1. For the chain, set up a GNM with springs between Cα atoms under 10 Å and report which of 110, 30, 78 has the largest fluctuation.
2. Express the relative contact order of the chain as a whole percentage, based on alpha carbon pairs under 8 Å and six or more residues apart in sequence.
3. Hey, with R₀ at 25 Å, roughly what FRET efficiency would residue 45 and residue 24 work out to, going by the Cβ-Cβ distance, to 0.05?
4. Highest mean first, how do 83-89, 52-58 rank when packing is the count of other Cβ atoms within 10 Å averaged over residues?
5. Per residue Cα convex hull volume for the chain, in cubic angstrom?
6. Can you give me the C-alpha center-to-center distance between segment 24-56 and segment 61-81, rounded to a whole angstrom?
7. So what is the calculated 222 nm ellipticity per residue for the chain, using -39500 (n - 2.57) for each DSSP H run with n of 4 or more, over all residues, to the nearest 500 deg cm²/dmol?
8. Provide the percentage of antiparallel DSSP beta bridges, counting only those with both residues in the chain; round to the nearest 5.
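Since every read-out is calculated from the coordinates, none of them should be taken as a lab result. Given the structure is predicted, the values throughout are model-derived calculations rather than measurements. Neighbour counts are summed over all protein chains in view; Cβ atoms, including those assigned to glycine, are modelled from backbone coordinates with ideal geometry.
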């Protein structure tokens, strides 16, 4: 599967702008969501090829949202990368247990992110 459409879920407008710019510069089409409700609305509009998911968000957190999306038959094939400032090994393990394909800590290293995305192709 070629990754072209990316959904970024993060409650930080600064982080959304940063990641959007970074991905668009590298040829990706990007949609954003600031919370779980917004994320499900975006998913219903257009199924992405990849989701970048923050953990710490108001309401449903990224772990809960990752679990919900990865267990939904419509979206279980969409890879999710946790993209968070939570650096503990227990957080990484928990994120992967919830259905995330990978776990990236902020600040995001561009070459690392692009390598992980191209490994999915």
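1. Result: 110 has the largest fluctuation of those listed.
2. About 24 percent, as a whole number.
3. Plugging the Cβ-Cβ distance into 1/(1 + (r/R0)^6) gives 0.85.
4. In descending order of packing, they fall as 52-58, 83-89.
5. 92
6. Answer, in whole Å: 12.
7. For the chain, the value works out to -13000 deg cm²/dmol.
8. 0
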